[in-house]
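K.L.:
Structure in C-alpha cells, see below.
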Amino acid sequence: MERNVWRTSSRSGSNGQCVEVRDRGTAIDVRDSKAPTAGTLSFGPASWDAFVSSIKTDHRRP
C-alpha cells in the first residue's frame, strides 16, 4: 500500500457508505468517506493486522 494516500476498499459499493484507509508507516488511519474532516481512528500496525485478520476470519463463518 502506498503511504499517506487515502484509499477506499475495492469492495465498497457505490452507495456512499464507505471508509477510507491510509498507511502512514507508523499508524493506519481510518475515516468516514462521507465526512473526511470529522476525524480519524488510528491503529498501530500490529493492531490493524489483528483487526483485518479477525474480519477475514469472521467473514468466512457460515
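K.L.:
Out of the residues in the stretch 4-25 that are among the aliphatic types (A, V, I, L, M) and not in a loop (DSSP other than H, G, I, E, B), which is farthest from the chain's Cα centre (by Cα)?
P.N.:
Per the criteria, the residue is 19.
K.L.:
Same structure, new question: Pairs under 8 Å by beta carbon, first residue farther than 16 Å from residue 19 by Cβ in the stretch 30-59, partner of a type in the set (S, T, N, Q), six or more apart or different chains?
P.N.:
44/26; 45/26
K.L.:
Filter the stretch 26-50 down to the residues that are within 12 Å of the chain's Cα centre (by Cα) and among the aliphatic types (A, V, I, L, M), then identify the one that is surrounded by the fewest Cβ atoms within 10 Å (Cβ to Cβ).
P.N.:
Checking each candidate, the answer is 41.
Throughout, read-outs are computed from the coordinates displayed, never taken from laboratory work. Since the model is a prediction, treat every value here as computed from it, not as a measurement. Backbone-built Cβ (ideal geometry, glycine too); neighbour counts: all protein chains shown.
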